[in-house]
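I have placed the structure first, in the form of structure tokens, so that the comments after it can refer back to it.
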Amino acid sequence: MSFRKKLLLLFAATVLLCVAVISASVYSTIRRSFERADQDRANAVAAQFRSEFQRRGQEVARKVESVAAGETVQRIALDMNRGAADSGDHVSEARALAGQQQLDFLELVDSRATILSSAQWEAKFGYPEAAVPAAAGTAGAFLKREELPQGATLGLFAVRVARVGEQPLYVIGGERLDQGFLSTLDIPTGTRVLLYQNLDAKWNPKSLLDLNGPAAGVDKIAPLVAKVRDTLQESQGVIRWTSDSADAEVFHAIPLTGPVFNSPNQNSVNQSAPNLNSANQNLTNQSTANQQLLGVLLVGSSRRPLIELQRQVVSTAMLVGGVGILVAVLTSLWFAARVTRPVVSLAEAARRVAAGDLATKVEVESSDELGELAASFNRMTEDLVQQKDRTLQAERVAAWRELARRLAHELKNPLFPLQVTVENLMRAKQKSPEMFEEVFHEGTATLLAEIDNLKTIIGRFSEFSKMPQPQRQPTQVNEVVRSVLRVFHAQLRGNDNDKEKNQISVRTELAEALPEISADPDLLHRALQNLVLNAIDAMPHGGALTIRTATLGDRIEISVSDTGSGLTPEECGRLFTPYYTTKQHGTGLGLAIVQSVVSDHGGKISVASTKEKGTTFRIELPYDFSAFSASLR
Amino acid sequence: MRRTAYRFLAAISLLVVAANSATAATRPHYGGTLRVMLQSAPNALDIPANAPPPDYWDIARTLSLIGDTLVTLDAQGRPQPALAAAWQSDPSARHWQFTLRRGVKFHDGSLASPAAVAPILDALHPGWNVRASADSISIESETATPSLLAELALPRNLLLKRNGSGLPIGTGPFQVAEWQPAKLLKLAANEESWAGRPFVDAVEIEFGKSLRDQAIALELDKADIIETASQAANGAQRKGTSSALSLPVELLALVFSPNSRAQDPRLREALALAIDRKPIQSVLLKGAGEPAASILPNWMTGYSAVFSAQANPQRARALLADSRPPALNLSYDPRDPQAQLIADRIALNAREVGITVQVSLSGAEDIRLLRVVLPSPDPTTSLTEAARQLGLPQPAFPVTPRGNPLDGRSLDGRSLDDLYQAERSALDGYSIIPLFHLPVASAASARVCGWAPDQDRLGEWNEAGHSLADVWLVESRAGLQANSLPQAGSR
């Protein structure tokens, strides 16, 4: 991955991270705020319910008190105490009294806790009323389950006593706790109140009331109600009505309890039966002793505003994030371009330098570290160029010195006999004129021989300096190898006298189907011939000569290996220098010629050697020199 | 001295006059209009076949003022002569002969001769062969009719003609003077009534008045005779008016509909055992009537105690222990002021044993709270009539020729055992659950005299010895006026 892409990703990631962190914090803050607000709303509704509950209870108590103190009840109580009461006369009294006081429930109960008259169920005369006299001492109102012909319901009741004589007459009256009660509550927008009348042993959806009566489709509230039924504690839960989380509601469930009334005969209920304050406490945590769950108040707050706001935050965050990323991408593209341009230039320059163009310069555009780096690079390349020049010059000087040395060495040998011969002739002329002709013939022969030797030496040098350009043609390298080996066949077999000791074994590992290459077969023959000759010279006591050919992708490889004495690393480094030789006699041009041929064919030559083990020369030649030469251009 | 004596004599005279005036006021005398109020609102002066009790009694009482039957029955079920002076039948009870009173005229002046009466009877009973002779009517039937007299005494056998307007013309003490259907009927005294001219000159009957309106009218002295609920009869007495409770001549019962969901006899029996009749009678009925487990009241049969009316909720629960009874709908007559409360109480009793009964006037009914009329003191006749009204099969009596042991209970000579078996058979399977035998109640203002509120009454207005034709009216104490003395030929 390029530096520019890394920078781009880094900028984008930074922007994304910032946006995500900010969005998450905003999201969390909003949710907490909404939860607090939701809790506050629920508490407010619950407080309002408690207040209304208390007010209604007081009102019920007042109405019942009014009934108990009224003339009708007093008369009935008087008749009872006189023994003149005919229960049949009073069957319908309670209904009339209830109508006057606008009470939903009213019962007149005698001292034996037997109903004399019931407004809500006239036929219930003669049946026992469990709430009396247990709740008679209650000052306030309490919740009670009331059985009606059409089923049970909940009511807020109060009990008063009309004491006329020894036998009291109890008046128990109340109002329904149903949707009508809920409608009196001032419910904030986005909130709703449900009342579950716990009248059945199991969950009954018809007992869940809203402002319009039984609420529909509310089975999902059942687990929350069940939890309150089990624990008698306030509870809270999120109800998801649909798959859309915005339709969810948070419900606070508040238990509504009422006293447990035993049969009137036992009268074992606590005489300090819960008054309204206790009923008020029933709305919160309270001991379950003598209390039963009669209802559950459910205050629901819609999560839609929160969800929609969260969605808005998320969408805004995504929008901002997207825009931010886009801006980051554009910015980073520009910034990375600005930052990485000098780096890219440096990298390109370094590639060119590596390719050999030491004259590469990098433009210095800034004075920062990158500018310093560019300047340093330029200085480095300049140094490299200078050093290369110096090296070349040194090499040239060394090569010239070597050449001069070799020339001196080569020329000195034939020149010495020339000098000696001329001196012999002069001496002979001077001192032995009679032998001068003989000496003259010998001397001139020697002179001619040495002059030929000189001419040969000069010819080699001239030949090296005038190496011809390759004449390319499709060439089968394996054939060239075979032709080279034929040339050295006799030499490789060795003398008859020391056949066994000095014989060099030849092994060829020529690749089958070696492709033809574009090469000059003669020059190639000459190069291989030089390598074979060197290998033979390296194995004066015999050994193994191995020639291999192989394909290497778009190149072929020719390797010539011997098992001679090997070369040192220093010798390997100077092998291809013209006029460098390790032989006693040699021009030092053989490997230079090989390198020149290989270089002219676009290939490369390398040497690997181990002292006392042997040496291997590897030549790599491209199939098509024209492609290679084009790449150089 | 003389002044003192004269003053004494004057005071004595005044006292005598006052005493005479008071006495005169309480003696029967003619005149006045008797104002009656009734609940029903009939569109025709006719007794519908399945008239509910209030309507039945109202129409029957009204028509009994206009017409006569051949015979009547007293509270002991003994036939009494009415239009027929005498009667006899053959041993097979298939041929009866009735000798009519002579000189009796219809309100239109025509003689109530056998020739005039026979067609009326024939029209009422096409299955009979009614023939008239000079002074008698013979009735022949293909089957024995030992209870013919009880049948003839029923109000549906009043001998009434119809005029061109369809109004009834009879031989009774009153004749139709004005008729406003469902609203008002004015009757004028029949000057030539064979039983003697009634004391009152007219009877005005207002129809369609609720019991409450009737009670108010009585209190406000705007009505002289009203209907009351049986439990209110005592109250009326306390308020200074007089009330009358008849013998229990109605049956209040639960009747199961043919398609009732309570087909299981155990369920029905459990319901019967769950009902506690005593509180209903004592509280809702104010002690009126008597708990019943039989169709016929004890005063008719004497054996009703054999049928137990005791509640037994434990047994009821045991019967339902292995079943889940369906919820049942109980309907009632909304015109009956007591019916709803009684139905509610029954539902409550049923609930105690695990039977859900919903009292409703809408929807398919499983049970009906029904009142049926026991129109005759003759138990066989009442049983037959009750079975018809209750939708039960007609009681199957064995053919009992006359001469079998009689116990005087049944006019047709059937034994009590036959009657009991027939009644028991009708109650088998709990097709009905008898609840109470109830009286009919009336109340009269202080203005009405000669209307005896004793117990031996069958709730009719033409009972032998107890008839509206025999009442007279007095003014109130505040406006006491001299009334004319009874004329010659008075009752």
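In this entry, the protein assembly as shown is assigned a mean projected area of 101.7 nm², taken as a quarter of its C-alpha convex hull surface. Under the simplified labelling scheme, the B:GLN180-A:LEU533 pair shows an inter-label distance of 16.3 nm, with each label point 7 Å from Cα along Cα→Cβ. Projected label points at A:GLU71 and B:HIS95, each 7 Å from Cα along the beta carbon direction, are separated by 7.4 nanometres. Each Cα pair under 8 Å and six or more residues apart adds its separation to the average, and for chain A the resulting relative contact order is 10 percent. Each helix, a run of at least 4 DSSP H residues, gives -39500 (n - 2.57); summed and divided by the residues of the protein assembly as shown, these come to -13500 deg cm²/dmol at 222 nm. Modelled spin labels at A:LEU447 and A:MET426, positioned 7 Å past Cα toward Cβ, are 1.3 nm from each other. Shielding by partners for peptide A:118-127, expressed as the average number of C-beta atoms from other protein chains within 10 Å of each residue's C-beta, is 5. Highest mean packing comes first when the peptides A:541-548, B:222-229 are listed by Cβ atoms within 10 Å, giving B:222-229, A:541-548.
Over 29 Å apart at the Cα level, from the set B:LYS161/B:LYS183; A:LYS63/A:LYS220; A:LYS388/A:LYS613; A:LYS63/A:LYS124, are A:LYS63/A:LYS220; A:LYS388/A:LYS613.
For the pair A:GLU147 and A:LEU373 in one chain, pulling the backbone fully straight at 0.36 nm per residue adds 71.7 nm over the alpha carbon distance.
Cross-link partners for A:LYS5 among the lysines, with Cα-Cα distance under 26 Å and sequence neighbours closer than 8 places in the same chain left out: A:LYS361. Counting pairwise Cα distances across the stretch A:418-494, what percent come out greater than 15 angstrom? Summing the P(r) of the stretch A:418-494 above 15 Å gives 73 percent of all pairs.
The stretch B:88-117 and the stretch A:351-411 have Cα centres lying 166 Å from one another. Note that the stretch B:316-365 carries a Kirkwood radius of 11.6 Å, evaluated over its alpha carbons pair by pair.
Pairs with C-alpha atoms separated by more than 23 Å, drawn from the list A:LYS429/A:LYS455; A:LYS412/A:LYS455; B:LYS105/B:LYS209; B:LYS186/B:LYS222; A:LYS455/A:LYS604, are A:LYS429/A:LYS455; B:LYS105/B:LYS209; A:LYS455/A:LYS604.
Put in order of Cβ neighbour count within 10 Å, fewest first, the listed residues B:ILE66, B:ILE120, B:ILE367 become B:ILE120, B:ILE66, B:ILE367. The A:ARG460 and A:PHE335 beta-carbon pair, evaluated with R₀ = 60 Å, returns a calculated FRET efficiency of approximately 0.40.
Computed from the coordinates by the stated procedures, all read-outs in this text should not be read as laboratory data. A quick note: this is a predicted structure, and the numbers were derived from the prediction, not measured. Note: ideal-geometry Cβ built from the backbone for every residue, glycine included; neighbour counts use all protein chains shown.
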